[in-house]
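The values are calculated or read from the model by the stated rules, or taken from the named source; none is laboratory data. Since the structure is predicted, the reported quantities are computational estimates derived from the model, not experimental observations. Cβ placement follows ideal geometry from the backbone for every residue including glycine, while neighbour counts extend to all protein chains displayed. Quick note on the areas: whole protein, heavy atoms, side chains included, nothing else; ligands and nucleic acids left out. Shrake-Rupley method; radii C 1.70, N 1.55, O 1.52, S 1.80 Å.
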Amino acid sequence: MKMLPFDNKSELQVVINMPDGTPLEQTARVAQALGTELGAQPDVLNYQVYAGTSGPYNFNGLVRHYYMRRQSNQADIQVNLLPAKERSDQSHVIAKRLRPLLDAIGNRYGARIQVSEVPPGPPVVQTLVAEVYGPDLDGQTRVAQQIKAIFKNTPGVVDTDWYVEDPQPRLIMRVDEVKAAQHGIAVSDVAHALALALSGTQVGLLHDQATREPVPAIVEFNRADRSSEQGLESIRLPGADGSMVSLRELLIVENKTIEPSIYHKNLHRVVYVTGDVAGAEESPVYAILKMNKALDHLTLPAGYTLTRYNSLCPSPLSITR
């Protein structure tokens with residue numbers, strides 16, 4: 001339950017989560033569109049955009065693990081406000097005013113926006129956190145998806161999100177050792193060629209008088225070729241007879257899905273749903289009371305029952321039952 005009043009801070013942080021797999025360029029484009037809106041606000045002194053990497057993280061960011069935000073679909077905007085003496089509104093009022101403006105821009109691009117305020121006391125993962133436990137991950141995820149919908153539909157609950165990644169394709173390329181041997185090509189040569197195409201390799205150092213240190217010279221495929229299955233399969237290697245052999249003849253390709261991340265708390269598997277409160281009633285207890293009524297109508301897998309804990313942790317027996 002919220003007990004400390006909001007403090008008048010001089011900064012805000014806008015956390016941007018694009019759909020998983022979004023290219024860095026698109027994430028940066030959305031972050032810049034949000035930054036343009038922020039720059040037009042009279043109470044904003046300046047802002048910095050960090051796309052594909054974490055911004056400067058404070059105590060709040062340490063608890064929320066902002067320093068681990070390094071994916072191409074993630075961005076942060078550090079917003080510095082005018083000094084408190086030069087503005088009439090407190091930082092919390094400014095955050096409430098900015099949130100619908102930023103959400104409108106984020107919704108156009110499918111981005112999930114969170115306006116993170118510096119807390120007046122010890123930081124937490126989020127103001128509202130639902131922890132879904134259960135005997136199997138698939139059932140937990142389905143229940144968590146319904147709870148996330150309840151978060152979104154509850155008046156006063158904002159910045160809804162959950163700790164579940166979107167399904168991401170995974171391309172597995174295995175070398176057919178028999179065909180590779182017939183062409184006189186080593187398996188390690190195929191692996192090296194794919195590593196060079198995907199990750200690049202350093203071939204030397206560039207010595208420039210305008211730089212203090214030598215600049216690594218890296219050779220890699222362009223993004224279009226290394227991002228497509230056809231581009232990778234078109235790589236050709238010299239065979240034992242001098243002919244050029246396409247990797248398409250040497251590879252066995254499998255299309256699978258990347259396994260999602262699994263979170264644990266107290267050695268128990270858990271799925272998190274998070275949200276914040278901003279409205280006429282800004283104490284989380286009111287939002288919890290409203291959502292408890294909606295939780296009575298959850299659709300559960302056959303044979304399952306729901307037990308709610310608002311101030312206690314579930315026992316191992318209640319999780320496995």
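Say the cut-off is 24 Å between C-alpha atoms; which of K96/K152; K9/K148; K152/K290; K96/K290; K148/K293 go over it?
Over 24 Å apart, Cα to Cα: K9/K148.
Suppose every K and R has +1 on its Cβ and every D and E has -1 on its Cβ; what is the size of the dipole of the chain about the Cα centre, in Debye to the nearest 20?
My answer is approximately 860 debye.
Take every Cα pair under 8 Å in the chain that's 6+ residues apart, average their separations, divide by the length, and report that relative contact order as a whole percent.
21
Can you work out the base-10 log of I(q)/I(0) for region 13-63 at q = 0.20 1/Å, using the Debye formula on its C-alpha atoms alone?
-0.79
Using Cα pairs closer than 8 Å and at least 6 residues apart in sequence, work out the relative contact order for region 175-268, in percent.
28
What ratio of Cα Rg to 2.2 N^0.38 Å holds for the chain? Show your work: numbers first, answer last.
Details: Rg = 25.1 Å, N = 321, 2.2 N^0.38 = 19.7 Å.
Working it through for the chain, the quotient is 1.27.
Classify region 101-161: rounded, prolate or oblate, from the alpha-carbon gyration tensor (a ≥ b ≥ c, eigenvalue square roots; a/c under 1.5 rounded; otherwise prolate if a/b is larger than b/c)?
Because a/c hits 1.5 or more and a/b fails to exceed b/c, region 101-161 counts as oblate.
Expected output is a single nm value to one decimal: the length gained when fully extending between H65 and A294, i.e. 0.36 nm times separation in residues minus the C-alpha distance. What is it?
Details: separation 229, 0.36 × 229 = 82.44 nm, distance 3.03 nm.
That works out to 79.4 nm of additional length.
For region 186-281, state which trypsin sites (Lys or Arg not before Pro) are in a DSSP loop and have at most 10 other beta carbons lying within 10 Å of their beta carbon.
Taking region 186-281 and a limit of 10 other Cβ atoms within 10 Å, the loop trypsin sites (Lys or Arg not before Pro) found are R212.
Which value results when the Cα radius of gyration for region 204-284 is divided by 2.2 N^0.38 Å? Walk me through the intermediate numbers first.
Details: Rg = 25.3 Å, N = 81, 2.2 N^0.38 = 11.7 Å.
Cα Rg divided by the expected 2.2 N^0.38 Å: 2.16.
On the protein heavy atoms, probe 1.4 angstrom, tell me the percent of accessible surface of region 12-110 carried by carbon and sulfur.
Within region 12-110, the accessible surface is 54 percent carbon and sulfur.
Where the centre of each part is set by its Cα atoms, how far does region 211-282 sit from region 39-101, in angstrom?
Centre-to-centre (Cα) distance: 29 Å.
Report the paramagnetic label zone for N58: residues of region 88-115 whose backbone N is under 16 Å from a point 7 Å from Cα along the Cα-to-Cβ axis.
90-96, 115
Please express the shape of region 151-229 as an equivalent ellipsoid: the semi-axes are the square roots of 5 times the eigenvalues of the C-alpha gyration tensor, given largest first in whole angstrom.
Sorted largest first and rounded, they come to 40, 29, 9 Å.
Would you work out the charge dipole size for region 1-150 about its Cα centre, treating the Cβ of every Lys and Arg as +1 and the Cβ of every Asp and Glu as -1, and quote it to the nearest 20 debye?
140
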